[in-house]
Amino acid sequence: MLDFADLRVFTLRSSDAQGVALTDMFIAVVKEILVDYTYYASCANVNFSIATTAAGFELFLGGYSHKMPILAQRVCEEMKS
């Protein structure tokens, strides 16, 4: 059974160029840190994506439900650090 989770995080993202650039850079850094971990997760049919939105960023997790909490925890830990 495949389950999907869509987590929207709304931050106080600035509408100016600096705020947009900092949000994009933050997401790029998180993706780069997690590249090895998410590769193995994708081999286990658990998917991850993070993208900027007008109100902040959106985190998407999809795959087998018993694997998603592990990936979600790792992503949140990396975003926090």
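The values are calculated or read from the model by the stated rules, or taken from the named source; none is laboratory data. Keep in mind that what you see is a predicted model, and the values were worked out from it rather than measured. To get the accessible areas, we keep the full protein, side chains included, count just its heavy atoms, and leave off ligands, DNA and RNA. Shrake-Rupley method; radii C 1.70, N 1.55, O 1.52, S 1.80 Å.
Accessible surface of residue 68, taken over heavy atoms with a 1.4 Å probe and every protein chain present, rounds to 20 Å². Shown for region 40-81: the carbon plus sulfur share of the solvent-accessible area, taken with all protein chains present and a 1.4 angstrom probe, equals 56%.
Shown are 59, 22, whose ranking by accessible area with a 1.4 Å probe and every protein chain present, most to least, is 22, 59.
Annotation: extensible slack from residue 16 through residue 47 equals 8.0 nm (criterion: 0.36 nm per residue apart, minus Cα-Cα distance). In order along region 69-81, the phi-based Karplus estimate (6.51 cos²θ - 1.76 cosθ + 1.60, θ = phi - 60°) of 3J(HN,Hα) comes to x, 5, 5, 4, 5, 5, 4, 5, 4, 5, 5, 6, 7 Hz; Gly and Pro are listed as x.
Restricting the calculation to alpha carbons of region 22-81 gives Rg and Dmax of 11.3, 33 angstrom.
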